[in-house]
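Working notes for the structure below.
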Amino acid sequence: MPRPKTAAEEDSCARKIIATLARRAYRGDVTDLDQQRLFAFYQDGRRTGHFERGIQKALQRILAGPKFAFHVERDPAGVAPGTVYRISDLELASRLSFFVWSEGPDDALRAVAAAGKLHEPAELDRQIDRMLADPRANSLVTNFAFQWLNVGRMDNIVPDPILYPDFDRDLRAHGPTVRAMTAVLALRGPGGEGVWVDEHIALGHRRFGFLKGPPDHLAAVLRYDGFVDALRDAGLDSAPWTVEGDFTFKSGVEAAEKLLRESSQITALACANDDMAAGAMLALHRAGLEIPSAISVTGFDDTPMSEIIWPPLTTVRQPIKDLAERAVHLLFETNGQVQREEVPHSLVVRESTAPPNKFRAA
């Protein structure tokens, strides 16, 4: 916007500048009262100086405002304490942009939110795909993932020499390379939940149970969401019977026991990881249920344990070796620039799964 040439143009120009700055700084949450207050700061600066001084005063007020400094989400009027409610589209836009980009929403995201359309599933998917394709999404790896994985603490951790006898100073010296590799390793692939669901539907299963991981663990959430999406894609709209665990063997036992008390109708049980699956199998054995003749059980991760428990566990294998090898190549091929590639999961079929009884030949 060009500088106003006359005093008569200054107020109109100042209002436009202030409205644009406030809309971006306050992430779309700008009221008429906000603009009036900011314009008063502009006027104060203009009286004691010049046009630029007035804009400077208004900008200082914007940056000092709680709407810029804090991420505020207001409870809707009349909502009782403890009530679950949907946040506004503008609040959703702010959450989404800070998660994916580590910064406020852009004009396109704000416009969709202001129109009240961001909460619509199709529009939300479109915006997420657009944001992930933007270079700013790199911060999802370099910022969020680094904090989530505690990468910044690598230099301060002293591994147990008995458990990690090969760890030495030379390996620690490669810490920056590991951090660079983490930034490069934005490899992603189709979730293993899809291959699990496809296999079990082909076997004839229609009544599914799922032992979930902890709700604050990203992998646990993604595995369950992927499982439900795969069921929906297969034309099965009914949600699976679910019980929550914490990825441990013990929680698998307890979750499976609770699931058996609540429902005796499931013919196939998926577990968020192999440890929980092993615990579930113990609970099923205790209940006198044969695996897989009475119920099929599947894990996730393909840990060494999955081959030695009885019966050997059908499980989703994550291509860890492929991921690691591709990450090393990407590190040198891309000079540390984030690049996304798809590396699919696979289902390792062992003896813990079979068709449900009514589909078997006599």
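Where a number appears in this text, it was derived from the coordinates with a stated rule and is not lab data. Since the model is a prediction, treat every value here as computed from it, not as a measurement. Positions of Cβ are generated from backbone atoms using ideal geometry, with glycine treated the same way; all protein chains shown enter the neighbour counts.
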Enumerate the calculated ³J(HN,Hα) couplings along the range 49-60 in order (Karplus 6.51 cos²θ - 1.76 cosθ + 1.60, θ = phi - 60°), each rounded to whole Hz, writing x wherever the residue is Gly or Pro. x, 10, 4, 4, 5, x, 4, 4, 5, 5, 5, 4
Between beta-carbons, use under 15 Å as the cut-off and find the net charge around Asp275, counting Lys and Arg +1, Asp and Glu -1. -4
Under 12 Å from a point 7 Å along the Cα-to-Cβ line of Asp198: which residues of the range 227-262 have their amide N that close? 234
Can you put Trp241, Trp196, Trp310 in order, fewest other beta carbons within 10 Å first? Trp310, Trp241, Trp196
In sequence order, what are the phi-derived ³J(HN,Hα) couplings for the range 37-47 according to the Karplus relation 6.51 cos²θ - 1.76 cosθ + 1.60 with θ = phi - 60°, rounded to whole Hz, with x for glycine and proline? 5, 5, 5, 5, 5, 4, 4, 4, x, 5, 5
Counting Lys and Arg as +1 and Asp and Glu as -1, each charge on the Cβ, what is the dipole of the range 77-146 about the Cα centre in debye, to the nearest 20? 120 debye
Calculated FRET efficiency for the pair Leu124/His50, C-beta based, R₀ 51 Å, to 0.05: 0.65
Derived scalar couplings ³J(HN,Hα) [the range 256-268; Karplus, 6.51 cos²θ - 1.76 cosθ + 1.60; whole Hz; x for Gly, Pro]: 5, 4, 5, 5, 5, 5, 8, 8, 10, 9, 6, 10, 9
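Quick check on the exposure proxy: order Ile87, Ile17 from fewest to most C-beta atoms within 10 angstrom. Walk me through the intermediate numbers first.
Numbers: Ile87 15, Ile17 18.
Fewest-to-most Cβ neighbours within 10 Å comes out as Ile87, Ile17.
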Multiply the residue gap between Val349 and Thr248 by 0.36 nm, knock off their C-alpha separation, and tell me the result in nm, one decimal place. 34.1 nm
Exactly which GluC sites (Glu not before Pro) in the range 76-144 are in a DSSP loop and have at most 14 other Cβ atoms within 10 Å? Glu103
Between Arg15 and Trp310, what is the label-point separation in nm under the 7 Å Cα-to-beta-carbon projection? 8.3 nm
If we count other beta carbons within 10 Å of each Cβ, what is the order of Arg126, Arg86, fewest first? Arg86, Arg126
Round to the nearest 0.05 the FRET efficiency obtained for Asp166 and Ala133 when R0 = 45 Å and r is the Cβ-Cβ distance. 0.70
Quickly work out the Glu290-to-Asp229 label distance, labels modelled 7 Å from Cα along the C-beta direction, and quote it in nm with one decimal. 3.8 nm
So what is log10(I(q)/I(0)) for the range 7-69 at q = 0.18, 0.24 1/Å, when the Debye sum runs over its Cα atoms only? -0.54, -0.93
Could you let me know the centre-to-centre spacing of the range 245-268 and the range 62-94, using Cα atoms, in angstrom? 37 Å
